[in-house]
Amino acid sequence: MPRRSWLFTPATMPERFERAAATGADVLILDLEDAVAPNRKDEARRIALDFLSEPNAWAHTARALRINSPTTPYGLEDLLALIRSGAKPDAVIIPKTDSPEIVRLIDGHLGGVPLVPLIESARGVENAADIAASSPQVEALFFGAADLAADLGAAVGWEPLLAARSRVVVGAAMARVGVIDSPFFDLRDVDGLAEEVKRAVALGFTAKAAIHPNQVAPINAALTPTAEAVAEAHLILAENAKGVGVVNGRMIDEAMARKARRILAAAGES
């Protein structure tokens, strides 16, 4: 199933879990990190792990867990509690990932859980390709705009962070894993969200995070190929199988075929 939209929900608010899934989000992120105050970390951890220990009742919404940074006591407590629990998240998001060693360390303890390193520092961007290739369990790289902007002393905007975004996309592509764009933070700017999702898709992102339920539908729409694009992708692959061909006036080559396969994958087709 394509994972286009990743919706953050504080783990301290279980009353929002069902509503978050009802938005059509492909992935619900139970957040133990930024959305949880230090004095509520234990409570958030308990709620999230209890919830993830139950079977997933949602056919179309996966459940991910964002732990605290494993370089902090909170993160170490999150990992130890997760290991000891019966919780089965569909993915674990690792914040502040700046080296492949962190990913391998967590993979060694969790063994078999899909991992999503969050790239949100200058060092993380520099090591993005190595992080993406650090473990077979890496499902995607996650670009974190806010923390990276603070690290760089840059504005949280598309243009100031474009070079870093591109590096993360390239790193993910080299490892053939997905790549998730940062949330759009202005909840009132509907047009701004639409424009940023459009740019993210054009740059090569395969998904985008959301921080409000109202952001899910525009993200899903932008990342779902149109019927026309899917039909053309099938034609391109059919012509490519012959070795040479023309579709809609364009010569078909392997590069176009690779893009067509990505379109079909995004549409949920093999």
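Read-outs throughout are calculated quantities, based only on the coordinates presented, and are distinct from any laboratory measurement. None of these values were measured; they are calculated from a predicted model. Every residue, glycine as well, gets a Cβ built from its backbone with ideal geometry; the counts of neighbours run over all protein chains shown.
Tabulated values for the structure
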| item | result |
| --- | --- |
| Relative contact order of the chain, pairs being alpha-carbon contacts under 8 Å that are 6 or more residues apart, as % | 16 |
| Mean separation of Cα contacts under 8 Å (6+ apart) over length of region 227-266, as relative contact order % | 46 |
| Residue of Glu196, Glu77, Glu232 that the Gaussian network model of the chain assigns the largest fluctuation, springs spanning Cα pairs under 10 Å | Glu232 |
| Rounded to whole Å, sorted largest first: equivalent-ellipsoid semi-axes of region 69-123, Cα gyration tensor | 19, 12, 10 |
| Whole-Å semi-axes of the chain's equivalent ellipsoid (Cα gyration tensor) | 32, 20, 19 |
| The chain, helix-only ellipticity at 222 nm - DSSP H runs n ≥ 4, -39,500 (n - 2.57), divided by all residues, nearest 500 | -14000 deg cm²/dmol |
| Rg in Å to one decimal, and Dmax rounded to a whole Å, for region 9-130 via C-alpha atoms | 14.0, 39 |
| Cut-off 20 Å, label 7 Å out along Cα→Cβ of Glu254, residues of region 157-187 by amide N | 173-177 |
| Computed lengthening from Glu18 to Lys88, 0.36 nm per intervening residue step minus Cα-Cα distance | 23.4 nm |
| Diffusion coefficient, µm² s⁻¹, Stokes-Einstein with Kirkwood Rh over alpha-carbon pairs of region 134-190 at 20 °C and 1.002 mPa s | 174 |
| Hull volume in cubic angstrom per residue (convex hull over the Cα atoms of region 219-261) | 66 |
| Simple Cβ-charge dipole of the chain, Lys/Arg +1 and Asp/Glu -1, about Cα centre, in debye nearest 20 | 480 |
| Qualifying lysines (Cα of each under 26 Å from Cα of Lys242; at least 8 residues distant if same chain) | Lys259 |
| Relative packing of peptides 152-158, 112-118 - highest average C-beta neighbours within 10 Å first | 112-118, 152-158 |
| Calculated log₁₀ intensity ratio I(q)/I(0) where the Debye formula runs over C-alpha points of region 159-270, q = 0.13, 0.17, 0.19, 0.21 Å⁻¹ | -0.58, -0.89, -1.03, -1.14 |
| Potential extension, Glu126-Ala163 segment - 0.36 nm per residue separation minus Cα distance | 12.2 nm |
